[in-house]
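A quick write-up on the structure given underneath.
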Amino acid sequence: MLQVRVRPGGEDKIRNFFPWVYKSEIAGYSRKPIKGEHVVIRDAGGHFLGYGYINPTTNISIRVLSFNKAEKITKDLLYKRVEDAYNYRRRLSINSNAYRLVHSEGDLLPGLIADVYDKYVVVEFTTYGMFLMRDWVIQAIQDILRPEGIYEKTNEHIQKVEGFRSVEGVIWGHVPEEVKIWEHDLEFWINIPQGQKTGFFLDQRGARRFIRQLVKEGDRCLDVFCHTGGFAISMKKAGAGEVIGVDSSELALHMASKNAELNQISGIKWVESDAFDFLKEMHKSGEKFDIVVIDPPSFAKNKAAVESAMRGYKELLIRALHITKPGGYIAVYSCSFHIDLDHLMKAVLLASHDVRKQVRVIGISFQDLDHPWLLQMPNTMYLKGLYLEVV
């Protein structure tokens, strides 16, 4: 097995269970590395640090799967990790038939995402090394969950960076294009092939529940970047009056409308529009809302994009503050690791200063518990939400 020596600065992180080794942290190899092969990671003195797989062409060159010298990377280890992930979700007693089964590094399986939608599993391989262990993963999922079908989602950008290619589609059994799931007292249609991520924002389950607690009978509510209607439908179910859902995707709004109909909910206006333009128009026309939800896609996919993302958040919050009634609520979320809670609070402060309105924080949320994050790896805690009262 290839031996990889890590520079002194990088070895301390690995000893503290950080599962990435960057290219710049590698001091040398025992031979020329082969992309995707399993490696032994050692410190400068040759002492064991962990087992992982390598892609020497990428910035994150090694993903660590085991810090235990007696626990080598085998089919049995992958099986146990999937089984442990499944048992963890069972202990959570999630009030839904849809959940994240494997959350990459959060489940000690870097490079693997797997979501369950009723009787079906959607998988995504995000690294070359994990893709090479694809058959092991699929077999484990088949044996442990006994699904009726498994669908593989692909990300063209990730595959280009990692240097592998797979074709999106059903890879085992059968998977219908649309699957019906339930969450608490609501049902949703999920379009697996065409939906964002693996089909639904499962990580916002707790946030949708929290928002419902803020709704008073007859409230006027706005869901910006509404996707397939999770927040909008939740607010209407909780007793809201007029609800508007805004998204730039025609497909997302079509699914949102179907989801409202599925739950026998009327009174939601679905608007296809750019969110920034729509908020600007609402402000210009003097519209007011009791609750405004802002759940944008990732504005910062890397550190270099943080400054631009902050401008975007500030503009969204300025518009939201203008159109939210005194005593009303704003919920704003970031799904990027690079935009943390401090960034969100700073954007709120800047917007609050510009519009001369004071806000009070009434809640904070993170990704739901089936998307676990490691204390030793801050990168795994990506989703945060701030709940603000305009005072």
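The values are calculated or read from the model by the stated rules, or taken from the named source; none is laboratory data. Every value quoted in this text rests on a predicted model; they were computed, and no experiment measured them. Quick reminder, even Gly has a Cβ in these numbers, built from the backbone with ideal geometry, and neighbours come from all protein chains shown. In case anyone asks, the SASA skips ligands and DNA or RNA and just uses the protein heavy atoms, side chains included. Shrake-Rupley method; radii C 1.70, N 1.55, O 1.52, S 1.80 Å.
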Residue list for the stretch 328-346, restricted to those being touching a strand residue (DSSP E or B) at 6+ places or on another chain (Cβ under 7 Å) and open to solvent by less than 30 Å² (accessible area, probe 1.4 Å): Gly328, Ile330, Ala331, Val332, Tyr333, Ser334, Leu344
Residue list for the stretch 288-322, filter: surrounded by 19 or more Cβ atoms within 10 Å (Cβ to Cβ) and among the aliphatic types (A, V, I, L, M): Ile291, Val292, Val293, Ile294, Ala300, Ala309, Leu316, Leu317, Ile318, Ala320, Leu321
Complete set of residues in the stretch 146-180 that are open to solvent by 80 Å² or more (accessible area, probe 1.4 Å) and within 21 Å of Asn191 (Cα to Cα): Glu156, Val167, Trp172, His174, Glu177, Lys180
Residue list for the stretch 25-38, filter: open to solvent by less than 60 Å² (accessible area, probe 1.4 Å), within 19 Å of Thr127 (Cβ to Cβ) and out of contact with any Ser or Thr (no Cβ under 9 Å at 6 or more places or on another chain): Glu37, His38
Flag for Val137 being in a strand (DSSP E or B) and open to solvent by less than 10 Å² (accessible area, probe 1.4 Å): no
Conditions (1) open to solvent by 30 Å² or more (accessible area, probe 1.4 Å); (2) out of contact with any helix residue (DSSP H, G or I) (no Cβ under 6 Å at 6 or more places or on another chain); (3) in a helix (DSSP H, G or I); number of the one not met by Glu83: (2)
Filter result for Leu349 (open to solvent by 10 Å² or more (accessible area, probe 1.4 Å) and without any contact (Cβ under 8 Å) to a residue 24 or more places away in the chain): yes
Leading residue by the ranking (farthest from the chain's Cα centre (by Cα)) among those in the stretch 46-71 that are open to solvent by 60 Å² or more (accessible area, probe 1.4 Å) and without any contact (Cβ under 8 Å) to a residue 40 or more places away in the chain: His47
Among (1) more than 25 Å from Ala252 (Cα to Cα); (2) surrounded by 14 or more Cβ atoms within 10 Å (Cβ to Cβ), the one test that Ser285 misses: (2)
Selection status of Glu124, in contact with a Lys or Arg (Cβ under 8 Å, 6 or more places away or on another chain) and open to solvent by 10 Å² or more (accessible area, probe 1.4 Å): yes
